[in-house]
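Report on the following structure.
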Amino acid sequence: MKLCLLSMLVITMSATLARPEVVYFKNGDRLTGQWLRIQNNKITLKSDALGKVDIPLDKLQTFSISETAVLLLKQGELLEGTVTLKSSGDWQVETTAGKQEVSAKAVEIIYPAQTLRQKGYSQKPRIWRGWAGKGALGYSLVRGDQNAKTLSVDFNASRRIPVLPELKERARTNYFLNLIFANTQNQQGLIVSANSFTTGIRQDFKFTKKNFWFLLAQADHSQPQSLNLRQTYGGGIGRDLFNRPSFDLQGIGGLTYVDEHFVGQVIRKNAEVLIGEKIGWKMTRWLNFAHTLSFYPSITHGGGYRIESTTGLTTQITTRLSFNTTYTDHYLSSPLPGHLKNELILTTGVGVSF
C-alpha cells in the first residue's frame, strides 16, 4: 500500500514538473511541449516530436504559461508570476500584487521559476555561489645521501555574473593560488628550503560584449630569489579576442604599483606597465592546454622589467579527476647579487574539478 502511494506521488510530481504547454501559431498550427526559456524574442520548446526548437514569438497567435515564471528585466529587476503573450508582442504578468503589462523590450529572459531556482540564480548571489575551477596536489619524497621532499598546491577558480550562461556576462572574478614547499637535507644535517607562493585575484567588469576593465591584487613570496613579499596592485583594460567553446584568447594592458621587500631590508617600490595574455585551448575531449603571460616593464626604473609565465597541460581521467603538469617561469631582470634571474618551477599532480 505504501509503495503504491509513493509511486502515485512520484508520478504526480513528475507530471507537475514537466507540465506540457501548447503554443498556437498564426497559421492555425499548434505545438505541445515543455518550455525551457524565452529569450531574444524566441521561445525554446522541447517537444516529443521535434526535440528542442526555437520559435519566433511573432509567429505565435497566443501563448499562456500555466506554471509560475520569472522575468529577468534588463534593468536587473525580477518579476514572478503567470505570464501571457499579448497580440502586441508585450507580456501580461499576473503577480501577487495584481496584473501588469511589461514591454517585450524591457525583458532580458524568461525562465520557469523552478528552473531558475535549480540554477541558483540570484540578483545578489552569495560570495560562495557560482564558482567553477580546479585544485591540484602533488608530492615527492627522496631518501638517500640527501633527503628531499616537495609539496605543491595549485588552485584556480572563476566566477561569472550573472551565473546563468544564457545571459550576457556583466562581470567575472578570477582567483589563483600556487604553493611550493621544498626542503633538502644533506648528510651533515644542513637544510636548504626553496619555498614559494603566489596568490592573486582579478575582477573584470564588461562594458561591451568583448571589452572590459579590471582591477587586480597579487602577493608573491620566493625563497630562491630572497623575496620576502611582493605586493602588486593595478588595473587597466582588456579584450576577449576569441571566445569559443574550444579556444579562447584574452589580452590585457594597464598600470601597476609594486612594493617589494627582499632579505637584508632591501625595499623596492615601482610603477610598472602591464601587458598580458591568456590562452585556453581544449585540444581534445580529455586534453586541455592553458597559458598565461604577464610582462611588467618598469616606469620608475628605466630598463628594469619582470616576466611571469605559466603553462599547464591537463589530462582528464574522469569528469572530475585529472592529471596536471604545470611549468612556471618567474624572471627578474635585476635580482639581488648572487641570485639568478630565472626561477623555474615544474610541478605535476592529481587535480579535482568543481
* **Cβ-based net charge around residue 174, under 12 Å, with every Lys or Arg adding one and every Asp or Glu removing one** => +4
* Structure fact -> With the dipole of the range 131-353 defined by +1 on each Lys or Arg Cβ and -1 on each Asp or Glu Cβ, the option from 187, 247, 200 whose Cα lies farthest towards the positive pole is 247
* Asked: Around residue 354, what is the net charge, scoring Lys/Arg as +1 and Asp/Glu as -1 over all other residues with Cβ under 11 Å from its Cβ?
  -> +2
* Under 29 Å from residue 269, Cα to Cα: lysines that are on another chain or at least 8 residues apart -> 278, 341
* To do: Report, in debye and to the nearest 20, how large the dipole of the chain comes out about its Cα centre when Lys and Arg carry +1 and Asp and Glu carry -1 on their Cβ.
  => 580
* Toward the positive end of the charge dipole of the chain, about the Cα centre and with charges on Cβ (Lys, Arg +1; Asp, Glu -1), which of 266, 342, 163 goes farthest? -> 163
* To do: With springs only between Cα atoms under 10 Å apart, run a GNM on the chain and tell me which of 163, 142, 263 wobbles the most.
  => 142
* **Computed over the chain: relative contact order in percent, which uses C-alpha pairs under 8 Å that are six or more apart** => 8
* Distance from a point 7 Å along Cα→Cβ of residue 175 to each backbone N in the range 213-230: keep the residues under 17 Å and list them by number. => 215-220
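Counting alpha carbon pairs within less than 8 Å and at least 6 residues apart, what relative contact order, in whole percent, applies to the range 16-118? Intermediate values should be presented prior to the final figure.
On the way: 205 pairs, mean separation 23.1, N = 103.
Once normalised by length, the contact order is 22 percent.
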* Structure fact -> Among (1) 1.34; (2) 1.02; (3) 1.16, the entry matching Cα Rg over 2.2 N^0.38 Å as calculated here is (1)
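Grab the other residues whose beta carbon is less than 14 angstrom from that of residue 293, score K and R as +1, D and E as -1, and report the net.
Local charge sum for residue 293: -1.
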* Asked: Distance in nm between label sites at residue 128 and residue 58, each 7 Å beyond Cα in the beta-carbon direction?
  -> 4.8
* Convert each backbone phi in the range 173-182 into a coupling constant with the Karplus relation 6.51 cos²θ - 1.76 cosθ + 1.60 (shift: θ = phi - 60°), then list the ³J(HN,Hα) values in order as whole Hz, x for Gly and Pro. => 10, 10, 10, 9, 8, 10, 10, 10, 10, 10
* Structure fact -> Residue separation between residue 239 and residue 42 times 0.36 nm, minus their alpha-carbon distance, gives in nm 68.0 nm
* Report ³J(HN,Hα) in whole Hz for each residue of the range 234-242, in order, from the Karplus equation J = 6.51 cos²θ - 1.76 cosθ + 1.60 where θ = phi - 60°; Gly and Pro get x. => x, x, x, 10, x, 8, 7, 5, 9
* To do: Run down the aspartates and glutamates and flag those whose C-alpha is under 14 Å from the C-alpha of residue 74, throwing out any fewer than 8 positions away in its chain.
  => 108, 166, 169
* First check a/c for the range 179-311, with a ≥ b ≥ c the square roots of the eigenvalues of its C-alpha gyration tensor; if it is under 1.5, answer rounded, and if not, answer prolate when a/b is larger than b/c or oblate otherwise. => oblate
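Just so you know, all these numbers are worked out from the coordinates, no wet-lab data involved. Please read these numbers as outputs of a predicted model, since none were measured by experiment. Because the Cβ atoms are built from the backbone with ideal geometry, glycine has one as well, and the counts that use them run over all protein chains shown.
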